[in-house]
């Protein structure tokens, strides 16, 4: 039998945006426990760039073996086209959103940058009706990341990034600093801190984004191009570093004794001894797909408590331009691919 075909974004080799191909690929079939989603919009996230480059930013022992060709993408919003016989709670025609098979699909198994994607039903939630597919597609990975770091981990899977499980800390009445406050995770971390009752939210971003992050709820703004945050801030209860990497240790100086530092991207952090001396908890985790959490969060998206800012939208066929936009930096919110 000839496979039905669809359009998808695939890579046949690793490299820059030029290796991305918008081409025909076999449509997925629906396995037990899954639904088939006709994709209307898809989100672009940093792991899409990591996969495109062959995860060269990871230590060799952490680099997954990626079978090629691979379809990129994790975040989707669309309409259910088919439902496996053993799935309850969803029906053909339902509008849904999802972060697909993450981190299980790190090796190209998520396959969401396509016209159709099969998704485990446990990773799907009904799309908030008052937001459109672009906004819904921009939400899953970034919002689940901020949620699992700051609100509720929501699972008991082993933490691959540290020996102990990550535990969110109290936010109500506390001072929270968000670094990278205009980006995908950062602009949501600012809003979650405000929603959780933070007494003071400090946003760190480039000066061009000051009005944007203040509108999201930041009380104070630091333009990192003009001043180093660690030189002017003290007594913070929690730093959510949505940039992370080797520079995250500089924020230890801003945190009070007994406070916490949550680096979203922890690789390269070398301040463990300094943190212990300062009695600061440094904790990280790996975001995981969760339809249950997306269903819980949906009401906050639907009533406008949390909003997804769209930096730019590209047609799926213009995916190379979308990756170039991401690489250029200074993204305000999310980059989204329009599929329909």
Answer yes or no as to whether residue 110 is touching a helix residue (DSSP H, G or I) at 6+ places or on another chain (Cβ under 6 Å), touching a residue at least 24 places away in the same chain (Cβ under 8 Å) and not assigned by TED's automatic domain parsing to the domain that holds residue 233. no
Only one of (1) more than 16 Å from the chain's Cα centre (by Cα); (2) over 18 Å from residue 339 (Cα atoms); (3) buried (at least 16 other Cβ atoms within 10 Å of the Cβ) is not met by residue 122, so which one is it? (3)
Considering residues that are closer than 30 Å to residue 56 by Cα and within 19 Å of the chain's Cα centre (by Cα), the number found within the stretch 82-116 is 18
Within the stretch 132-155, restricting to residues that are touching a strand residue (DSSP E or B) at 6+ places or on another chain (Cβ under 9 Å) and part of a loop (DSSP other than H, G, I, E, B), the one that is nearest to residue 290 (Cα to Cα) is 139
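Among the listed residues 131, 171, which satisfies the condition of being surrounded by fewer than 24 Cβ atoms within 10 Å (Cβ to Cβ) and not assigned by TED's automatic domain parsing to the domain that holds residue 243?
Values: 171 fails: not assigned by TED's automatic domain parsing to the domain that holds residue 243.
That would be 131, the only listed residue that is surrounded by fewer than 24 Cβ atoms within 10 Å (Cβ to Cβ) and not assigned by TED's automatic domain parsing to the domain that holds residue 243.
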Could you please find all residues in the stretch 282-309 being surrounded by fewer than 18 Cβ atoms within 10 Å (Cβ to Cβ) and touching a strand residue (DSSP E or B) at 6+ places or on another chain (Cβ under 8 Å)? 292, 295
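The values are calculated or read from the model by the stated rules, or taken from the named source; none is laboratory data. In this text, all values refer to a predicted model and were calculated from it rather than measured experimentally. When we count neighbours, we look across all protein chains shown, and the Cβ atoms used for this are built from the backbone with ideal geometry, even at glycine.
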